[in-house]
Structure formats: C-alpha cells, structure tokens
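I have placed the structure first, in the form of structure tokens, so that the comments after it can refer back to it.
The values are calculated or read from the model by the stated rules, or taken from the named source; none is laboratory data. Nothing here was measured: the structure is a model prediction, and the numbers come from that model. Cβ coordinates were reconstructed from backbone atoms using ideal geometry, including for glycine residues, and neighbour counts include every protein chain displayed. Quick note on the areas: whole protein, heavy atoms, side chains included, nothing else; ligands and nucleic acids left out. Shrake-Rupley method; radii C 1.70, N 1.55, O 1.52, S 1.80 Å.
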Amino acid sequence: MNTPPLFRLREVARTHGRGPAAVRALDGVDLDIAAGEQLVITGASGSGKTTLLQILGALDRPTEGTVAFDGSDIASLSTTDLTRLRASDFGFVFQQFNLIPTLSASGNVESGLAPLRLAKGERKEKAMSALESVGLGDRTKHLPSELSGGEQQRVAIARALARDPKVLLADEPTGNLDSRTGREVLELLTGVARAEQRTVILITHDRDIAAHAPRVLEMLDGRIVADRRA
Amino acid sequence: MFYLSYLGAEVRRRLGRTVLTALGLAIGVALVVAVSALSQGLDDAQEEVLKPLTGLGTDMAVARPLRSTEDDEGFASGIGGFLQLSPEEIERLQDENQSAIVDPSELGEPGEDFESDIFVTTTQLSFPAAEVGNVQGLEGVQTAAGTLTLSLLNVTGTVPEQGFQGGAIGPGAAAGSDINFDPSTISGIDRQAPDLGVVTPAQVIRGDWFDEGAEGAAQAVVTQGYAGRKGVNIGSAIPVQDGTFEVVGIAEPPLGGSASDVYIDLSRLQELSDRVDRVNGIQVRAESADAVSGVAAAIEDEFEGATVTTAADLADQVSGSLLDAQRLADNLSLALAAVALVAAFLIAMLLTLTGVNKRTRELGTLSALGWSRLSIVRQVAGEAVLTGIVGGLVGAGLGALAAFGLDRADTQLTASVGGEQANTGPLGFGQGQIVSGSSEVSLGAPLSPDIILIAIGLAIAGGLLAGLVGGWRAARLRPVDALRHVG
Ligand SMILES: Nc1ncnc2c1ncn2[C@@H]1O[C@H](COP(=O)(O)OP(=O)(O)O)[C@@H](O)[C@H]1O
Ligand SMILES: [Mg+2]
C-alpha cells in the first residue's frame, strides 16, 4: 500500500532578513514524512533544525518551496488558518517548557485545550487524564514554580497530548533537564507516541536517543545532509 | 470559559504588577475625586458666604445716592461733606434733614438735661414710594419692596446757655459743647415682603422675625453688633423718638450686604421720621437670573438718578482665603489632578506594555497552541481593563476617603469684603453700612454621585487605554517567538 506522506516538502527555503544581512536558515529541503513515523532531527547549533520544525509545525511559512500537509499546501495558508491547523493537528513541546507561570498544572493543560472550545467539564476531564498519563495525577493543582524541571516538562507533554494531535513536535525537550530526567521525559514522549500511532518529530542532541530512533535526519547549514533509517 | 479563570489567575498571581498598575490609576483617580470634591466644597463655601445676597431672592438694590465725590469718611464727616455737592443736592438734603437742625431753646431751659432722637438722611436720597410700583411694573421684575434707611442720632446733654454759637446744633456742630451724639442706623422694611427686605427672616439668628399682623408694627429686629454694644436682648424695649419697639429678633447681617442697627416697620419709621410715603431704597427680585442685568439697565434708564447694585457686583468685592483657595482649586489643583491622571494612564499603559513584552514567550506559546490572535488580545486587554477597574474603584474609594477627611478637618476659610469702597458711596445693598471685614466659612468636600461616576469612568478609560496598548502589542506577537524568544 502506497499511502501519500503526511508531510511533503519540496525545495523549501527560509531566509531571515534581507540584503547582505540575510540568513538562509533553510536552503533547499526536500522531505517526506509518513503518518505515524518517529523522526529525530540532529545537527549542530545554527544548522536550521528549529527553523525546519517551525515550518513543519505551521508556526512559520517558507520563503521558497512547497509544504504539503495531509495532502494540502500549507505554505500559502493565512495566519488565521495556520493557527486553526495548529490547534487541531499539532502539539508542541519546547526546550524551556513554556508553561504559563500563573496557571496550575491542570490550568496549563487546559490552556492547550482552550482553542478547541470544549465544555468546561470535558476540558477539565481531558486535562486530568492527560496529567495522569504522564504520572502527575497528584500534582494537578501545583504551579509550575512548585514543580521540578522534569515535572514541568511532563506537564508540557500532557498539554500537547491532551489535544490528541496528529503530530507531536518537540524542540530539544531535554535541553534544560539533567540527563537522567531527560531520559525519562524522552521515554515518556516516545512511549506515549508509539502507543498512539502518533507522528513524532523530535530535535535532540542526545546521541543515544538518535541511535535508537527509527529515523534520524542530520542537518548542516540549512540542508539535510543525512537521512538514516534504522 | 477558560479565558476568565486565566484572567483571574494573571491578575491574582502577578500581584506586583497588578497592584502597581492599579495603584497608579488609583492615585490618579483619587486625586481627581478629592480635588473635584474640594472644588465643589469651595463653590459651596462661596455660595454660603454670598447666600444672603444671591440666595434669598434679592437680586438687586435700587438707591438714589448723593453724588458726592471722594467722600471717603462716610457719614462721620456729616454735613461738612455736603460742601462738595451741587447746590441743588444740598438744598434737597437740607430739606429732608430739617429735623436735624434743632433750636436749642426748644430743648428746655439752659442747664437742663435733655435727650432727643433726630433722623438724618444717609447718603441715599429719598423718593416717593410710588417709584416702587414703577419698578414693580418693569418687565422682568418679579417683586419689588421699598425700604427707608436713616441715621438715627440720639442726642443727649445739657441745654446750652443763650448765645451758643450758631444757635443750632447738629452733628457737625458738636465740638466743644456738652452734648453727646450717638448715631445708629435704622431701616424701615416692608413686612409684607420679608424675603426681599434689607433684613430677611433667614438672617435672624435668635428670636423671631416680625409678627405678620398688627403687632409687628411695634416690634424691632436688631443686628447682633448693635445688640452687643447696647446690651439689648430679645424682649428689650428700645425707644425710637416718640415710639417704643420690642426687640423680637437678633439678626446677623450678611457679609457684603447692608446692615442697619435697628429694623422696624416701614410705615412706622415713615411716620416717626416725618417721611410719609417716602422711601430711599428698593429691593428688587428679577424673574430669573438671566433677567437681572436687563432689569438693572431698565431701572437706571427709567428712574432718574438711580443706581442699581446687583448681587454679582457684591460678589466681586469678596476676597480672602476663600477666593485664594478657590483660585488654587480652579487652577493648580485641577491641573495637578489632570497631570496625575495622565501620568497614571501612562504608567498603566507602560506597565501593561512591559508586562506583554515579558510575556512574549508565554503569549507566543498560546499562539503556538492555536490560540487565535483575537483571544490573545482579549486576554491581555481583559487583564488590563480588570486591573484598571480595580485601580479606579480603589482610587474612587481613596478619593472619597480623602474628601471625607477634608470634610471632617473642618478647615476655616475667610471671606472678606474690603474697606473704603464698601463703607461709602452707593455700592451698598440697601442703604445701611456695608458689612465689611471678614467672615469665616468652613470648607467641606462633598462627594456627589457625579464625581464617583466620573471616577469610575476614568478608571475604565484608564483600563481600556492600557488594554488597548497591551492588546495592540500582543497582536503583533508571532508564534515563532514561543521557540525563539529568550527571557
Ligand atoms: N528570526 C531570525 N532572524 C535572523 N536569523 C535567524 C532567525 N531565526 C534563526 N535565524 C538564524 O537561522 C539559522 C538557523 O537557526 P535555527 O533554525 O534556530 O538553528 P538550530 O535550531 O539548528 O540551532 C541560524 O544561523 C540563526 O541565527
Ligand atoms: Mg534550535
């Protein structure tokens, strides 16, 4: 069976700024990603990983090339349509956790559910079960400042997963964690994703993770220089 | 709605920023409230000082003054002052003052003690009472009442030997003789028009106003100063020439208004002073405040030699700390409040802006999570508006408290009506002496619902402004900032 890829990128380039100061963060990227695939992106700092993730996650538009998601071109979508797409299909996990400091763990998870306009009861229920699934069922009322780094990142994962996204994107999610906690968080991410047949795109410097990943992209100077499958 | 719990969490948990923003707005709004209340209080204080002139219905006074020049010593200069007048005026005045020129031989045998009351016209010439009707008939006049104000000279002493210089005595010829002159002023008022007289029931601070019926003709109201000077009290009988009057009331004359020492029934005074059907002042009430100046002009046109003094003319003469405070309130304090308010608005906007900048990552994250631009703007603006409203309400409360404090402090302000000008000439309201000097009035700071409403309006405006600025800034955030922005 030859299903079309979830993502299809062709000659994608992204230039920041203009004139002599312009930086070509992506420089001709061709990439297909199938639904349910688990992809790890590695590469030196400044090689364009984050820029690629932003384009995949409908946070940014390429300056050149085409990006098809689920069969339709998203490079030309309006800002509003991109926002809608993010709400319905994508979940993000960030290096700095990006939790809202004034909201409790469950409040943070609910903030990810807010654009879905669920009834209050359903929203709270989903938030609760997402927190339970990351092992934080007893920390729902805690503020981010009252949680450890690993716990905070697990709240962020719960926030991303509660929406049941098609694609989970994570940009160096362990970058701010010690290695043991980082390992736990990554196991959680990949484990949850695997169980649910979710597409996961993960940026990491962790060679160990990269070594065990089913598919690894290596980037350099805005290009994909290696695409290895296990 | 998740929006509301998030909003509540932001406002509660970022307490420092909320309190700072709210406090800035609160201080601005509080100043506006307090200064407005104070300003209202000053207006009230001025009104209270001028109330006897402006409030009780006497809008203007008509007199026919002697056209004297530089008569800056008032009545005390006596007939000597007449030298500066035209012969015609002197003759008219002397006619009226016949009774003041007394042949000493009529007083008794030389060496005998005597006492006599003599009526002397003040600087206001008399005219037929019919003029009151003429004024009454003018357009724009609601009511007019005549008054007669005279100087009453109580002369006591010993009848001089034959050959006493000049053969006559009068106030100007008293020097060196064994005769005492005790001058006071007396006004006859129309008891039928109590609110329009030179003394009104409202000015009576002890006792009563004249009896409306026949009894009133034998009653007198005296001013506080006269009562104190003469040891007169309610119930005292005071002789006025051939009549005796029972004191029924003590009056406190208004500052800037006219004051006679003694007030009695107009007809009785006319009889006693031999001036039947003559008055020398008309108190006029106009139909409306707008009509005052027109009526004043009409009277001066119609009535030869008349001078009209309006309440506004008198208000202009009031000075003192009351006016200073009022000027201060009008200029400085309001400017201060305006500056404080603008500063508060700016601070609120700035703090909101800083808040949004600090939350770039957070708001970018919400955008990455699929929050629409509208809901992010609504979030930020909602927080600012809520903070602004809290600040405004706190400010309104603080301002009300400050106003209340000012009210309780019971600050005394003085209002003065000054010297020479007021003591002489035709400026008097009525024909007695103008009450010069100063009066104290306590300063309040009343809070009107208007002020509170304005304060709340300002608070909401401040909140909206801050929200607008914050929302505008938030709308410019991009979701990529969720991953990029460091801080
Ligand atoms: N907004 C931007 N403006 C200018 N240059 C940028 C911007 N974002 C990224 N870049 C540049 O693009 C290149 C790729 O950046 P990035 O995608 O963040 O790399 P990585 O995530 O691999 O470290 C870098 O040289 C970076 O400095
Ligand atoms: Mg990066």
Please determine whether any residue of the stretch A:131-144 is more than 9 Å from every other protein chain (Cβ to nearest Cβ), within 21 Å of residue B:375 (Cβ to Cβ) and in a loop (DSSP other than H, G, I, E, B). no
How many residues does the stretch A:49-70 contain that are farther than 22 Å from residue B:365 by Cα and within 14 Å of chain B (Cβ to nearest Cβ)? 1
For residues that are within 14 Å of chain B (Cβ to nearest Cβ) and more than 14 Å from residue A:23 (Cα to Cα), scanning just the stretch A:35-48, find the one that is nearest to ligand 1 (Cβ to nearest atom). A:45
When the stretch B:441-487 is examined, which residues are found to be assigned to a loop (DSSP other than H, G, I, E, B), of a type in the set (A, V, I, L, M) and under 16 Å from residue B:397 (Cβ atoms)? B:445, B:447
Quick one: in the stretch A:111-130, which of the residues that are free of Cβ contacts under 8 Å to residues at least 24 places away in the same chain and of a type in the set (D, E, K, R) is farthest from the other protein chains (Cβ to nearest Cβ)? A:125
Say whether the condition of being hydroxyl-bearing (Ser, Thr, Tyr) and outside any strand (DSSP E or B) is met by at least one residue in the stretch B:252-260. yes
Out of the stretch B:456-487, which residues are within 16 Å of ligand 1 (Cβ to nearest atom) and β-branched (Val, Ile, Thr)? B:480, B:486
Considering residues that are more than 16 Å from ligand 1 (Cβ to nearest atom), touching a Ser or Thr at 6+ places or on another chain (Cβ under 8 Å) and open to solvent by 10 Å² or more (accessible area, probe 1.4 Å), the number found within the stretch A:164-206 is 4
Residue A:31 - would you say it is within 19 Å of residue B:3 (Cβ to Cβ) and either in contact with a Phe, Trp or Tyr (Cβ under 9 Å, 6 or more places away or on another chain) or away from ligand 1 (no atom under 13 Å from the Cβ) (or both)? no
Scanning the stretch B:202-217 for residues that are open to solvent by less than 50 Å² (accessible area, probe 1.4 Å) and either in contact with a Phe, Trp or Tyr (Cβ under 7 Å, 6 or more places away or on another chain) or in a loop (DSSP other than H, G, I, E, B) (or both), which turns out nearest to residue B:267 (Cα to Cα)? B:216
If I go through the stretch A:89-110 residue by residue, how many of them are within 14 Å of the chain's Cα centre (by Cα) and within 10 Å of chain B (Cβ to nearest Cβ)? 9
For residue A:95: the one exception among (1) in contact with an Asp or Glu (Cβ under 6 Å, 6 or more places away or on another chain); (2) open to solvent by less than 30 Å² (accessible area, probe 1.4 Å); (3) within 16 Å of ligand 2 (Cβ to nearest atom): (2)
Are any of the residues in the stretch A:34-41 buried (at least 21 other Cβ atoms within 10 Å of the Cβ), within 13 Å of ligand 2 (Cβ to nearest atom) and within 18 Å of the chain's Cα centre (by Cα)? yes
Going through (1) within 16 Å of ligand 1 (Cβ to nearest atom); (2) within 14 Å of chain B (Cβ to nearest Cβ); (3) open to solvent by less than 30 Å² (accessible area, probe 1.4 Å) one by one, residue A:86 fails only at (1)
So which residues in the stretch A:160-201 are within 16 Å of ligand 2 (Cβ to nearest atom) and within 14 Å of chain B (Cβ to nearest Cβ), if there are any at all? A:169, A:170, A:171, A:172, A:173, A:175, A:176, A:201
Using beta carbons and a limit of 7 Å, which pairs, at least six apart or on different chains, have the first residue in the stretch A:1-20 and within 16 Å of ligand 2 (Cβ to nearest atom) and the second one open to solvent by 60 Å² or more (accessible area, probe 1.4 Å) and assigned to a strand (DSSP E or B)? A:16/A:23
Being closer than 21 Å to residue B:194 by Cα, open to solvent by 30 Å² or more (accessible area, probe 1.4 Å) and not in a helix (DSSP H, G or I) is the filter here, so list the residues in the stretch B:218-234 that pass it. B:234
Across the stretch A:1-33, what is the total count of residues that are hydroxyl-bearing (Ser, Thr, Tyr) and surrounded by 14 or more Cβ atoms within 10 Å (Cβ to Cβ)? 1
Within the stretch A:42-74, track down each residue that is more than 10 Å from ligand 2 (Cβ to nearest atom), outside any loop (DSSP other than H, G, I, E, B) and crowded, with 17+ Cβ neighbours inside 10 Å. A:42, A:55, A:56, A:65, A:67, A:68, A:69
For the stretch B:182-200, which residues satisfy the criterion of being open to solvent by less than 50 Å² (accessible area, probe 1.4 Å) and free of Cβ contacts under 8 Å to residues at least 40 places away in the same chain? B:194
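In the list A:127, A:105, A:35, A:75, which residue meets the criterion of being out of contact with any His (no Cβ under 9 Å at 6 or more places or on another chain) and modelled with pLDDT of 95 or more?
Details: A:105 fails: out of contact with any His (no Cβ under 9 Å at 6 or more places or on another chain); A:35 fails: modelled with pLDDT of 95 or more; A:75 fails: modelled with pLDDT of 95 or more.
Exactly one of A:127, A:105, A:35, A:75 is out of contact with any His (no Cβ under 9 Å at 6 or more places or on another chain) and modelled with pLDDT of 95 or more, namely A:127.
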